[in-house]
1. Relative contact order for the chain: what percent, with Cα pairs under 8 Å and sequence separation of 6 or more?
2. Loop-only chymotrypsin sites (Phe, Trp or Tyr not before Pro) in the stretch 163-197, please: DSSP not H, G, I, E or B, and at most 15 other Cβ atoms within 10 Å.
3. If R₀ is 22 angstrom, what is the calculated FRET efficiency for the pair Tyr261 and Glu95, using the beta carbon separation as r and rounding to 0.05?
4. If you average over every viewing direction, what projected area does the convex hull of the Cα atoms of the stretch 168-288 give, in nm²?
5. Leaving out ligands, DNA and RNA, what percent of the accessible area of the stretch 63-138 is carbon and sulfur, probe 1.4 Å?
6. Could you calculate the FRET efficiency of Arg119 with Asp271 from 1/(1 + (r/R0)^6), where r is the beta carbon distance between them and R0 is 41 Å, rounded to 0.05?
7. How much length would be gained if the chain were fully extended between Gln281 and Lys151, taking 0.36 nm per residue of separation minus their Cα-Cα distance, in nm to one decimal?
8. Work out the length of the dipole vector of the stretch 185-257 about its Cα centre, built from +1 on the beta-carbon of each Lys and Arg and -1 on the beta-carbon of each Asp and Glu, and round it to the nearest 20 debye.
Amino acid sequence: MKMTSEFSGNPTDTNCSPPPRVSRKPSAGTTQVNVKGVCFGGKEAVVIAGPCAVESREQLFETARAVRKNGAGVLRGGAFKPRSSPYNFQGLGEEGLKMLKEIHNETGMPVVTEVMDTRQVELVSKYADMLQVGSRNMQNYPLLKEVGMSKLPILLKRGMMATLDEFLLAAEYILNMGNENVVLCERGIRTFETSTRNTLDLSAVPMLKNLSHLPVIVDPSHGTGIRWLVPSMSKAAIAVGADGLIIEVHYKPEEALCDGYQSLSLNEFSDLMPDLRKVAQAIGREIF
Ligand code: PEP
Ligand code: MN
């Protein structure tokens with residue numbers, strides 16, 4: 001195998017290949033990443049759901065119980081939030097992590113939450129079942145190396161201005177440190193288009209799955225930034241072969257401290273799940 005990091009997804013470019021540890025070996029399947037019994041990369045697509053940020057016990061617990069009831073496999077919720085403005089809600093920190101652990105113990109749902117800094121990895125790992133490296137940190141190489149030394153599975157989000165080769169190279173950092181449990185997440189990229197928050201690059205899904213053995217999921221919430229677009233893009237993501245979704249859901253989206261305009265209400269989430277099951281069945285898959 002070529003060890004070069006220079007490759008492109010251009011099918012006419014035969015000189016290039018993805019980095020060695022993330023690259024898909026000929027005829028090999030998708031690697032299965034197990035998050036406390038919930039498997040990414042198998043026949044079942046997994047829906048991760050929950051609020052953008054943990055805001056309060058009531059907000060987290062009501063949202064978590066509802067998404068669990070409607071078939072979410074993993075709970076999301078940020079305790080450390082990467083906000084564009086330093087004056088916006090930054091997250092509850094360890095208090096939020098404790099709430100995530102508590103609702104995990106109640107519902108049994110594994111929890112994914114973001115780690116923004118190498119100094120947070122130890123603390124967050126005490127409470128989380130999966131560590132999220134966010135878009136803004138996809139090229140934070142010390143952080144990638146640190147989570148590469150963790151025993152927990154990693155959800156790596158595509159940088160908002162990252163090419164797929166840069167994305168796979170970021171994943172390579174984690175695998176290179178010994179952690180092979182990485183799930184890739186397409187979350188939209190910055191383009192000239194302004195009608196959506198980001199441009200959700202759904203062609204990245206089959207392209208990444210062709211280049212790499214790692215499971216690939218889609219974030220239609222940050223990918224569009226618009227609540228009413230989330231259901232259709234979620235269905236489209238499953239249709240193009242995503243191994244799962246990460247969807248922001250809030251019990252009162254209009255009161256959310258973070259990303260309410262792109263969060264589904266509890267009813268919208270429960271309406272979406274049966275549709276996702278139908279799309280999954282149409283392509284020979286199921287929803288966890
Ligand atoms: C998030 O998932 O809450 C988040 C901040 O996402 P991203 O890193 O993709 O912007
Ligand atoms: Mn968010």
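The values are calculated or read from the model by the stated rules, or taken from the named source; none is laboratory data. Everything numeric here is computed off the predicted structure, so don't read it as measured data. FYI the Cβ positions are ideal-geometry reconstructions off the backbone, even for glycines, and counts take in every protein chain you see. For the accessible areas, the whole protein counts, side chains as well, though only heavy atoms, and no ligand, DNA or RNA atoms are used. Shrake-Rupley method; radii C 1.70, N 1.55, O 1.52, S 1.80 Å.
1. Numbers: 652 pairs, mean separation 60.9, N = 288.
With pairs under 8 Å counted, the relative contact order is 21 percent.
2. Details: sites: Phe167, Tyr173, Phe192; in loops: Phe192.
The qualifying sites are Phe192.
3. 0.30
4. Values: hull surface 34.2 nm².
Dividing the Cα hull surface by four gives the mean projection, 8.6 nm².
5. Numbers: 1390 of 3060 Å².
Its accessible area is 45 percent carbon and sulfur atoms.
6. Details: r = 41 Å, r/R0 = 1.00.
Calculated value: 0.50.
7. Values: separation 130, 0.36 × 130 = 46.80 nm, distance 3.32 nm.
Answer, rounded to one decimal: 43.5 nm.
8. Values: 7 positive and 8 negative charges, 16 e Å.
That gives the stretch 185-257 a dipole magnitude of about 80 debye.
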